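In what follows, a structure is listed as structure tokens, so that the remarks can point back to it.
The values are calculated or read from the model by the stated rules, or taken from the named source; none is laboratory data. From a predicted model like this one, the values you see are computed outputs, not experimental measurements. Cβ coordinates were reconstructed from backbone atoms using ideal geometry, including for glycine residues, and neighbour counts include every protein chain displayed. Only protein heavy atoms, including side chains, enter the accessible area calculation; ligands, DNA and RNA are left aside. Shrake-Rupley method; radii C 1.70, N 1.55, O 1.52, S 1.80 Å.
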Amino acid sequence: GKHLLRVLARRKVGLLQKYHTMACVRDVFFESREFFSAALKQLVEWLEFYRFHGIEHFFVYTFRGTEDAVKELLMPYLRQGLATRIHFDDYPSDKIHRQHQVVQDCLYRAKSHTTWLLPSVDVDEYFHLKSGHFFPDGVVPQDYLKTAWDAIVKWKGKRLEEVRSVSFRSFRFARAPSDSLEISSAWREAKLPRSHNHPEKLANGKFACNVHVVHSLWFHFATACENATEDIMLPETLGVGNHYRVDWQSGHKYGDHFGHDDPKASTFDDLLTSEVPLLEQAIQRRFGEKPQTLLKRLSAEHPPVHLHQSIAADDDDDADEFTSE
């Protein structure tokens, strides 16, 4: 028969447990454009924020040529059983192909271990609840990324098996300086972004999916699922994402504009800034380094440029899963 692929697996037996909510982290070096720079800095901040708010385990993806830069940062999470690294021994030059490969692989790895999965939330996107009325006491719990999805399903009067996903949209926020957490930026665009191809519509959001009824994913929605299931789209008054990135249409690079200096970030929104001290403490405990020093150092490290051009073509798609070194 035809040789399709070679799989090399190394795992720590018993590491993966039963969780309620997990998250996937696609390759942080997926491109070298300046508006998505300082990816290592953002990875650390993002992992700590999502861990603090209830994500129980992460599947973090690397591709050939990117693993050396990220392995050191991941080791504290791997050693503590908070993350699993999945490594593909190729580097598809097409970004869409890589992203699709990640979300599909992550979905099927998660099916035996969780109910809810955040498959495609990027390291510059921070989901948070703006209202606690999903919960009996009206208060948003600290671990809302673990508990909110069931509460939202119940709030809509649905059963779990009737809901394939809970979706949300995001406001674009100005980036923070290189030695500061992204959530310290309190300036955003006034309106939700529009679709590039269909400006009469809002841009697609991101989502948490119910892995028990979903069979295939795209970055913004489930593409195959059980019949008679629905997506719940949260209004931005209840739950929303903060998307910290440079306006890609402006031509500016990371470092040109911060906070209120970002021309389009004209609305003040400091809902997440109160969490800065908590995340800084978590980062210092995890890495034993002053957060400002660590973040600035990581901001200076850049993705490999034209990585796919420097790697010989390989007919094999070798997958290697790392849970511990």
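Descriptive notes on the structure:
- Once the Cα-Cα distance is subtracted from the 0.36 nm per residue extended length, the residue 160 to residue 238 segment shows a gain of 26.1 nm.
- Sulfur and carbon atoms: percent of accessible area, region 131-275 [1.4 Å]: 50 percent
- Pair residue 227, residue 204: separation of 7 Å Cα→Cβ label points (nm): 2.5 nm
- Stretch gain in nm, segment residue 108-residue 215, where the contour uses 0.36 nm per residue and the Cα spacing is subtracted: 37.7 nm
- Using the Stokes-Einstein relation with a Kirkwood hydrodynamic radius computed over Cα pairs, the translational diffusion coefficient of region 60-201 at 10 °C and a viscosity of 1.306 mPa s comes to 86 µm²/s.
- Of 143, 261, 247, the order by accessible heavy-atom surface (1.4 Å probe, DNA, RNA and ligands excluded), from most exposed downward, is 261, 143, 247.
- Remark: for residue pairs 111/158; 71/191; 71/264; 18/290, the C-alpha separation exceeds 31 Å in 71/191; 71/264; 18/290.
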